[in-house]
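Here's the structure, in structure tokens; my notes come after.
Here, each number is a calculation from the coordinates, and none is a lab measurement. The shown structure was predicted, so the numbers you read here are calculated from the model rather than taken from an experiment.
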């Protein structure tokens with residue numbers, strides 16, 4: 001858990017609400033690495049994004065001026081992220097995503 005507003009010194013009314021932050025992260029994954037197939041998930045009334053673990057889920061590409069490139073792949077764990085009043089709650093592990101969802105639901109009161 002971390003308070004991103006305080007960490008990044010964002011203390012104004014213009015900062016994103018919790019749902020907008022989730023959607024921004026979800027869209028970022030869709031744009032940058034759609035093979036992760038992120039999902040939008042309800043955690044007791046809070047919107048979250050999550051993805052299953054993948055043996056080749058992280059893809060890093062370096063392109064050189066001569067046109068050549070190096071592509072690396074590495075495993076990525078299951079992740080679940082949502083926000084509670086600007087505080088990010090991020091669960092991660094090499095377990096099925098549904099286990100992370102169940103953990104999150106047990107931590108958060110129903111709305």
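Need the full-extension length gain, residue 63 to residue 75, defined as separation in residues times 0.36 nm minus the C-alpha distance. One decimal, nm. Don't skip to the end; give the middle numbers.
Working: separation 12, 0.36 × 12 = 4.32 nm, distance 2.13 nm.
Using 0.36 nm per residue and subtracting the Cα-Cα distance, I get 2.2 nm.
Restricting to DSSP H runs of at least four residues, report the calculated mean residue ellipticity at 222 nm for the chain, -39500 (n - 2.57) per run over all residues, nearest 500 deg cm²/dmol.
Numbers: 3 runs with 30 residues, N = 111.
Taking each H run of at least 4 residues, the total per residue is -8000 deg cm²/dmol.
Take every Cα pair under 8 Å in the chain that's 6+ residues apart, average their separations, divide by the length, and report that relative contact order as a whole percent.
Values: 188 pairs, mean separation 29.8, N = 111.
The normalised contact order for the chain reaches 27 percent.
To the nearest whole percent, what portion of all C-alpha pairs in segment 26-111 is separated by more than 23 angstrom? The partial results should precede the final answer.
Values: 1151 of 3655 pairs.
The proportion of pairs with Cα distances above 23 Å equals 31 percent.
Angle, helix 97-107 long axis vs. longest principal axis of the chain, Cα atoms, 0 to 90°, nearest 10?
With both axes taken from Cα atoms, the answer is about 30 degrees.
Nearest 10 degrees is fine. How inclined is helix 18-32 to the longest principal axis of the chain, computing both from alpha carbons?
Result, in degrees: 10.
How large is the direction-averaged shadow of the alpha-carbon convex hull of segment 69-110, in nm²?
Working: hull surface 17.5 nm².
Approximately 4.4 nm², given one-decimal rounding.
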